[in-house]
Amino acid sequence: MKTILMIEGEKKTAELTRDYLEAAGYDVTICENGTDGLRMAEEQNYDLLMLNAVLPDTDGFCLCRTLRKTQDQPILMLSENGSEADAVRGLGVGADDYITLPFRPSEMTARVQAHLRMVERLAGKAGKKKKPVEKIESGTLAILLPYHEVQVKGETVSLTSKEYDLLLFLASNPGVVFSRETLFEQVWGMENVGDPATVTVHINRLREKIEENPSQPQLIQTVWGSGYRFRKQQL
């Protein structure tokens, strides 16, 4: 059951709102002042917060701004002032919605449901994020990222740290042509320092270790006048 904390100094409004929300299946806790409301919000993990713009001990807008610093659940503001300026102010201090009193029960409940569904959708999308790539394969070549290991035809190939970094960068961007200068900057982390010819030396060493025929490379290809690219092969 979703939980809601309602910070509302007007008892009748609070109880009426609670009744409608509980009828819709929510667990609602009422707090009558901002000081206790702030404490309760920080101590309990509520799914949604509701607060009046006018409270007996504090300004609701200031309270909303304070809550937003530590709370990331939806915050709905209630107010008898339906002016556009106040609505803009409420949204500006961190509220997700601004509901004018008196409200239509069905509309208020629908807004609460909409905000809670949005949170669920966002959480669902976060849970469906793609798993990090653990292996890059091309033909007989396999780069095992978790183990910092390269295999050719199932046999481990011994690479230096820079050879591995260079191969991984190229293989992570198949088909893209990189100049020696760009590869030097990306892999060695330096710009205009050192000799980009170092890239050529490392490319040649890589070809000796991973290509079936280094004189006719199929994985790391030279694009004359431009640089190098990694050609992905079918498994």
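Taking the stated definitions as given, is VAL150 outside any strand (DSSP E or B) and either modelled with pLDDT under 90 or assigned by TED's automatic domain parsing to the domain that holds ILE210 (or both)? It is false that VAL150 is outside any strand (DSSP E or B) and either modelled with pLDDT under 90 or assigned by TED's automatic domain parsing to the domain that holds ILE210 (or both).
Within segment 35-75, being over 21 Å from ALA110 (Cβ atoms), in contact with a Gly (Cβ under 7 Å, 6 or more places away or on another chain) and of a type in the set (S, T, N, Q) holds for one residue alone: THR58. Consider segment 46-88 and keep the residues that are more than 28 Å from the chain's Cα centre (by Cα), surrounded by fewer than 19 Cβ atoms within 10 Å (Cβ to Cβ) and of a type in the set (A, V, I, L, M). The one that is nearest to VAL112 (Cα to Cα) is VAL54. Just so you know, in segment 163-195 the residues that are more than 31 Å from the chain's Cα centre (by Cα) and surrounded by 16 or more Cβ atoms within 10 Å (Cβ to Cβ) include one that is modelled with the highest pLDDT, and it is GLU163.
If you go through segment 13-34 and keep only what is within 17 Å of ARG104 (Cβ to Cβ) and surrounded by fewer than 19 Cβ atoms within 10 Å (Cβ to Cβ), you end up with THR13, LEU16, ASP19, TYR20, ALA23, ALA24. Within segment 95-102, none of the residues are assigned by TED's automatic domain parsing to the domain that holds PRO74, in a helix (DSSP H, G or I) and modelled with pLDDT under 90.
Taking first residues from segment 1-25 that are over 16 Å from LEU116 (Cβ atoms) and partners that are among the polar types (S, T, N, Q), the Cβ contacts under 6 Å between residues at least 6 apart in sequence or on separate chains come to GLU8/ASN52.
The values are calculated or read from the model by the stated rules, or taken from the named source; none is laboratory data. Fair warning: this is a prediction, and the values are worked out from it, not measured in the lab. So basically every Cβ, Gly included, is an ideal-geometry build from the backbone, and we count neighbours across all protein chains shown.
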